[in-house]
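Student: First the structure, then my questions, so here it is.
Read the figures in this text as sums done on the coordinates, not as results from a lab. Remember, predicted model here, so these are calculated numbers, not experimental data. Don't worry about glycine lacking a Cβ; one is built from the backbone with ideal geometry, like all the others, and counts go over all protein chains shown.
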Amino acid sequence: MMAPWDLYVIITTNLGGGRPTLELVRQALAGGATAIQLREKDLPARELVELGREIRQLTRAAGATFIVNDRLDVALAVEADGVHIGQEDLPARVARELLGPGKILGVSTGTVLEARQAVADGADYLGVGSIYATRSKEDAGEPIGLAGLKAIRAAVTVPLVAIGGINSNNAAEVIAAGADGVAVVSAVIGAPDVAAAARELLAAVRRARH
Ligand SMILES: Cc1ncc(COP(=O)(O)OP(=O)(O)O)c(N)n1
Ligand SMILES: Cc1ncsc1CCOP(=O)(O)O
Ligand SMILES: [Mg+2]
């Protein structure tokens with residue numbers, strides 16, 4: 001069964017307003033996040049594994065998908081559902097070989113060429129963006145906008161998760177442009193009430209689909 005990508009919350013603790021990682025995860029899940037990504041750039045592998053094990057338990061109990069960013073070794077070690085890699089990470093084809101067919105492989109793409117290549121290499125879903133400007137990733141590049149998303153939607157059939165500057169005010173137009181779900185950092189973990197922010201964004205995504 002492919003994961004529901006309606007609300008994919010990315011956990012980068014230093015963008016979470018000083019709150020502990022697991023508290024952010026618990027609150028995002030309480031607000032209905034359908035997928036959680038552990039995205040910590042500065043933690044040693046040992047700490048990533050410890051956190052990943054806890055998040056595995058929390059996501060399993062909530063029925064949510066758990067993806068580890070960048071680190072295929074950590075994803076396997078904590079029995080995550082899969083790994084997300086970008087254009088500068090492990091090549092997607094290599095990641096697919098190491099993962100085998102049973103785990104989810106997500107790949108970041110910003111162009112039709114990248115999207116087609118990622119699918120050919122074995123991606124199960126694509127992170128598409130940055131759609132809008134974002135302050136959560138320094139090297140996010142120029143926004144591709146809804147036009148970029150629509151072009152990728154027309155080129156591939158795998159699920160598309162739109163990312164970059166998405167919030168409850170613009171989620172509807174992103175879904176209308178062809179995204180299957182939204183991936184967010186600041187709109188959820190940067191909010192004063194993480195659970196309420198997740199609930200509001202999830203409702204916006206689901207409303208947009210009907
Ligand atoms: C769902 C999703 N889409 C895109 C990204 C970005 O991945 P990447 O380009 O490798 O950048 P980092 O997140 O590793 O800085 C993502 N993490 N998740
Ligand atoms: C990880 C990532 N990849 C492309 S944009 C981005 C950051 C998205 O963060 P926000 O939802 O706060 O704009
Ligand atoms: Mg990466």
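Student: In whole percent, what relative contact order does segment 7-209 give with Cα contacts below 8 Å and a gap of six or more residues? Don't skip to the answer; put the middle values down first.
Tutor: On the way: 411 pairs, mean separation 43.8, N = 203.
Normalised by residue count, the contact order of segment 7-209 is 22 percent.
Student: Excluding L24 itself, what net charge comes from residues whose Cβ is under 14 Å from its Cβ, given Lys and Arg +1 and Asp and Glu -1?
Tutor: Working: positive: R19, R26, R39; negative: E23, E40, E54, D193.
Net charge in that neighbourhood comes out at -1.
Student: Roughly what would the spin-label model give for L15 and E142, points 7 Å off Cα along C-beta, in nm?
Tutor: Between L15 and E142, the simple spin-label model gives 2.2 nm.
Student: In segment 57-153, what trypsin sites (Lys or Arg not before Pro) fall in a loop by DSSP, with at most 13 other Cβ atoms inside 10 Å? Can you show the working numbers first?
Tutor: On the way: sites: R60, R71, R93, R96, K103, R116, R135, K137, K150, R153; in loops: R71, K103, R135, K137.
Answer by residue number: R135.
Student: As a test of understanding, state the convex hull volume per residue of segment 7-209 from its alpha carbons, in Å³.
Tutor: Spread over its residues, the Cα hull of segment 7-209 gives 106 Å³ apiece.
Student: Multiply the residue separation of E173 and E50 by 0.36 nm, subtract the distance between their alpha-carbon atoms, and state the gained length in nm to one decimal. Before the final figure, lay out each step's value.
Tutor: Details: separation 123, 0.36 × 123 = 44.28 nm, distance 3.78 nm.
Extra length available between E173 and E50 comes to 40.5 nm.
Student: If you project the alpha carbons of segment 1-54 onto the principal axes, what extent comes out on each, in Å, largest first?
Tutor: 31, 26, 17
Student: Put a dot 7 Å past each Cα toward the Cβ at A155 and H210; how far apart are the dots in nm?
Tutor: That separation, rounded to one decimal, is 3.4 nm.
Student: Sticking with this structure for a sec: Equivalent ellipsoid semi-axes for segment 116-164, as square roots of 5 times the alpha carbon gyration tensor eigenvalues: give them largest first, rounded to whole Å. If you can, show how the numbers build up before the last one.
Tutor: Values: eigenvalues 81, 29, 13 Å².
Rounded to whole Å, the semi-axes are 20, 12, 8.
Student: Each label point is 7 Å from the Cα along the Cα-to-Cβ direction; what then is the distance between the points at L113 and E88, in nm?
Tutor: Inter-label distance under the simple model: 1.9 nm.
Student: Determine, for E138, E40, E50, the number of other Cβ atoms within 10 Å of each Cβ, and report the residues in order from fewest to most. Intermediate values should be presented prior to the final figure.
Tutor: Working: E138 6, E40 20, E50 13.
If I rank by nearby Cβ atoms, fewest first, I get E138, E50, E40.
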